[in-house]
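To start, the structure under review is shown below, and the notes come after it.
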Amino acid sequence: MKLLEDIYLVGSGEFSISDAYDCHVYLIDGGEDAALIDCGVGRSPERICRNVEEHVPLERVSRILLTHLHADHCGGASYFQERGMGVWAPEKEVEAIKNRPEEALEAFRLAKNGGCYPEDYAFPFIREDGQITDGQKIRVGRYTLEAMHLRGHSEGLLVYLLDTGKRRILFSSDYVFYNGCIGLLNCPGSELSGFRRDIGRLAGLGVDVLLPGHRMLALDGGQSHIDRAAEHLSKAFVPPTF
Ligand SMILES: [Fe+2]
């Protein structure tokens, strides 16, 4: 589904274009190179491939840039690696799973209790091809994305900012959503204090387009949704969550 020039939605359970448990998966076409933001849960990744091929040849997609290692965002990693794509993961997220796998499994168990995954689905431990750190610039053909590590939803989550020259796009993953909701969860790795500390990093970015990991997208006025989240977090009450 074309969203903007060179930006496509190629996976999403909620928009019924791929597996029901998939997060939103975005394709950035930079011309000679293309990348995916996240890759879904891995139950029917071939549907994502078919959606990609409606817009660019699959061979053009050299990398998957993961935002975090919750299974609905990364479970398809090995499938895409077998097709020649490199999977890049947030450094701090990789560290957290390596050092405290029991916490990742506990978060997974709680998410499964919440209906986020089917009963017979096992936690995918991915093997990344590269790691991404806060502030890192990533070239995708004619575009450059900047990674930002924001605490609150999971330990190492990255959002990606892309300035196309025409629009400023924030791939906000599960950090901030339409209407100022935040991605606070009741599980290890998620904490409200992280949102309080880091939401300010998104202030004044002039985001036009907000492309989150779930729910509604904002193709204009993206910053207003971020600012609403920041306003919620400036008060003593738990903000609305996704
Ligand atoms: Fe998540």
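The values are calculated or read from the model by the stated rules, or taken from the named source; none is laboratory data. In this text, all values refer to a predicted model and were calculated from it rather than measured experimentally. Because the Cβ atoms are built from the backbone with ideal geometry, glycine has one as well, and the counts that use them run over all protein chains shown. Surface accessibility is based on the protein's heavy atoms, side chains included, excluding ligands, DNA and RNA. Shrake-Rupley method; radii C 1.70, N 1.55, O 1.52, S 1.80 Å.
Data for the structure
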| item | result |
| --- | --- |
| Condition check for GLY75: on the phi < 0 side of the Ramachandran plot and away from the ligand (no atom under 14 Å from the Cβ) | no |
| Hey, ASP38 in contact (Cβ under 8 Å) with a residue 12 or more places away in the chain, crowded, with 16+ Cβ neighbours inside 10 Å, among the acidic types (Asp, Glu) and closer than 19 Å to LYS166 by Cβ or not | no |
| Among the residues listed as GLY206, GLY194, the single one being under 18 Å from HIS68 (Cα atoms) and without any contact (Cβ under 8 Å) to a residue 60 or more places away in the chain | GLY194 |
| Qualifying residue in region 78-91 (condition: under 14 Å from VAL10 (Cα atoms) and either of a type in the set (S, T, N, Q) or within 16 Å of the ligand (Cβ to nearest atom) (or both)) | no |
| Cross-chain or 6+ apart pairs with Cβ under 8 Å, region 49-61 first and closer than 12 Å to LEU36 by Cβ and part of a loop (DSSP other than H, G, I, E, B), then modelled with pLDDT of 95 or more and open to solvent by 80 Å² or more (accessible area, probe 1.4 Å) | HIS55/LYS2 |
| Boolean, ARG151 is away from the ligand (no atom under 16 Å from the Cβ), of a type in the set (Lys, Arg) and closer than 26 Å to ALA218 by Cβ | no |
| Filter result (open to solvent by 60 Å² or more (accessible area, probe 1.4 Å) and of a type in the set (Val, Ile, Thr)) within region 184-240 | VAL238 |
| Residues located in region 76-109, provided they are polar (S, T, N, Q) and closer than 20 Å to ASP134 by Cβ | ASN99 |
| Qualifying positions in region 166-183 - open to solvent by less than 10 Å² (accessible area, probe 1.4 Å) and either away from the ligand (no atom under 16 Å from the Cβ) or not β-branched (Val, Ile, Thr) (or both) | ILE169, LEU170, PHE171, SER172, SER173, ASP174, TYR175, PHE177, GLY180, GLY183 |
| Test result for CYS187, within 12 Å of the ligand (Cβ to nearest atom) and over 17 Å from the mean Cα position of the chain (by Cα) | yes |
| Given (1) of a type in the set (Val, Ile, Thr); (2) touching a Pro at 6+ places or on another chain (Cβ under 7 Å); (3) more than 15 Å from the ligand (Cβ to nearest atom), number of the condition ILE226 does not satisfy | (2) |
| Spans of strands (runs of 3 or more DSSP E) in region 65-165 with at least 3 residues open to solvent by less than 20 Å² (accessible area, probe 1.4 Å) and in contact (Cβ under 8 Å) with a residue 40 or more places away in the chain | 86-90, 143-149, 158-163 |
| ARG215 vs. criteria under 30 Å from GLU32 (Cα atoms) and part of a loop (DSSP other than H, G, I, E, B) | no |
| Among (1) charged (D, E, K, R); (2) in a loop (DSSP other than H, G, I, E, B); (3) under 21 Å from ARG60 (Cα atoms) - the single one GLU46 does not satisfy | (2) |
| Residue in region 21-42 that is out of contact with any helix residue (DSSP H, G or I) (no Cβ under 8 Å at 6 or more places or on another chain), over 18 Å from PHE125 (Cα atoms) and aromatic (Phe, Trp, Tyr) present | yes |
